[in-house]
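The values are calculated or read from the model by the stated rules, or taken from the named source; none is laboratory data. Computed from a predicted model, the values in this text were never measured in an experiment. FYI the Cβ positions are ideal-geometry reconstructions off the backbone, even for glycines, and counts take in every protein chain you see.
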């Protein structure tokens, strides 16, 4: 079967649309709400959903996602429960689902077992923010064997590394918008034309910009530089505010971003 | 061929992409300066004139007689400026930071010793300094917080997670991700991504080089064992390193067993940890079955870290070093013993090493020699020892 991420970007390209990738933390405030939120986000216009696996020490996250991790870990959300969650979601959606997680979670679970389980429950890719390109051998063999994509990140500091990383990227390339950690921002100082220039020189996989995007207007602006945008903290802020009642407000937010993105 | 920055399976560079360029820049700078005669001349001068090196190697005669076994020598890192071995590493890293043109220094601290050393050298070198410290530790070590303020550093409390050392490290990493161009991250132990474990070890290895020279001068031979406490493991790596090739020298690390390794309240990473990847390195960590990092505990704020430097994990894996687990009670007893027997009040961290040494010394013969690395002095711990013994001190 064709990887859902690749199929998704091909469809979007054919329609002349940009990808909307959204993030929530699994088990925040509980797994039943996470399940509803994923389906609601797809329903209101998300193309790809990243499910965050909560970690005790998320060093790449700002306060919003740190707090979401803690809320989730308070009731001991674990990786097996998240596999079951995705398995249930697959009864209702065929859209790409990714896990966003720290390397220790993969490693401790057993990298081979982890990728096999991802394949079994039909997780399409994983994003591991504390695994830089140089350490990709931790997962590469299993990622390739199972077809579960390992999504690489590029940061404003990557410069001459961009091409090297793009050469080996599959699925999409995660472009980190700014220095620092996740969290909403008012402005972006990165020169995206310069940062992303190497990507125009070859036939590389699609690229999406994330970190700090908080509304439709910013999403539109960012997506103009590439193939889509990723929104996390802005959604998690809504979940933090409304808890189990966040399905409707999150849906409204996603709809507003989708509209702006398609305008 | 072994990969760069690896000790067997351990080590590596597991950090976000944002920091990779800075880590490579640091690696290149360190490679350039580590054998540079001018850099080393400056560093030796700072060690001698500012930090008070070489630190004394002292024959503990009363302790030797009392224990009735091997001859005991104490390496007095507690007599260094700022009262601990931490200054050795900070002088090295900040001299490097200056060469790299970095103006802003960040550091994490647990007990406050590394924070104080960093604030001290920043004052000396005219660098801006921000120290991250768990808010729980700030309460436990308010004296060191004020000391850092006196030295002109900004101390930023960290409330996330368990509000202790590991969370301070998380926050320092986040700061580094945000201010990568201007900022140098001065890590306090032989941990983190390559090149830190190697670089910090190199700045601390002067301890074992001095022990070796002093021992040859006093006894005309090498010691039979060197004992040091291990949290992240920088004083122990410093005390061990020059002896690794000398197979006749037994290397003993003392880690914190808190209320006992069979209780949930300890920080005994070698005894109870599992292989994992965290804080930039592959090493042993105290963690649950899903890889969530454990809360750890020790009476010593300098040893309650859930991981250990990768080179220690390696030395353990090949059987070159042994690691003892020392409980709070054993450490406090050793703290009191050394104070009364030798007139030296050790840091509670170093008291773990004293306790481990006291287990092996009586089993050894009188013609053998043990060196205890006394990594720091104990003034900072007097309140917590009093509290442990149920004594109320009201002059706080």
(message) Can you tell me which residue is surrounded by the fewest Cβ atoms within 10 Å (Cβ to Cβ) among those in segment B:115-141 that are modelled with pLDDT under 95 and within 23 Å of residue B:80 (Cβ to Cβ)?
(response) B:140
(message) Take the conditions touching a strand residue (DSSP E or B) at 6+ places or on another chain (Cβ under 6 Å) and more than 22 Å from residue B:130 (Cα to Cα) and apply them to residue B:264. Does it pass?
(response) no
(request) Quick one: residue A:250 ticks every box in (1) out of contact with any helix residue (DSSP H, G or I) (no Cβ under 6 Å at 6 or more places or on another chain); (2) at pLDDT 95 or above except a single one, so which number is it? (result) (1)
(request) Could you tell me whether residue B:140 is farther than 25 Å from residue B:292 by Cβ, touching a residue at least 12 places away in the same chain (Cβ under 8 Å) and more than 14 Å from chain A (Cβ to nearest Cβ)? (result) no
(request) Would you mind telling me which numbered condition in (1) in contact with a helix residue (DSSP H, G or I) (Cβ under 6 Å, 6 or more places away or on another chain); (2) more than 24 Å from residue B:174 (Cα to Cα) residue A:200 fails? (result) (1)
(request) Go through segment A:55-79 and give me each residue that's touching a strand residue (DSSP E or B) at 6+ places or on another chain (Cβ under 6 Å), at the interface with chain B (Cβ under 8 Å from one of its Cβ atoms) and buried (at least 24 other Cβ atoms within 10 Å of the Cβ). (result) A:56
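Here is a yes/no grid of residues against (1) in contact with a helix residue (DSSP H, G or I) (Cβ under 7 Å, 6 or more places away or on another chain); (2) farther than 22 Å from residue B:117 by Cβ:
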| site | (1), (2) |
| --- | --- |
| B:9 | no, yes |
| B:12 | yes, yes |
| B:25 | no, yes |
| B:36 | no, yes |
| B:40 | no, no |
| B:49 | no, no |
| B:53 | yes, no |
| B:64 | no, yes |
| B:90 | yes, no |
(message) So residue A:250 ticks every box in (1) in contact with a strand residue (DSSP E or B) (Cβ under 9 Å, 6 or more places away or on another chain); (2) part of a helix (DSSP H, G or I); (3) surrounded by fewer than 20 Cβ atoms within 10 Å (Cβ to Cβ) but one. Which box is left unticked?
(response) (3)
(request) State whether the residues of segment B:87-98 include one that is more than 14 Å from every other protein chain (Cβ to nearest Cβ), under 27 Å from residue B:26 (Cα atoms), modelled with pLDDT of 95 or more and not in a helix (DSSP H, G or I). (result) no
(message) Tell me whether segment A:178-185 contains one or more residues that are at pLDDT below 95 and away from chain B (no Cβ under 14 Å).
(response) yes
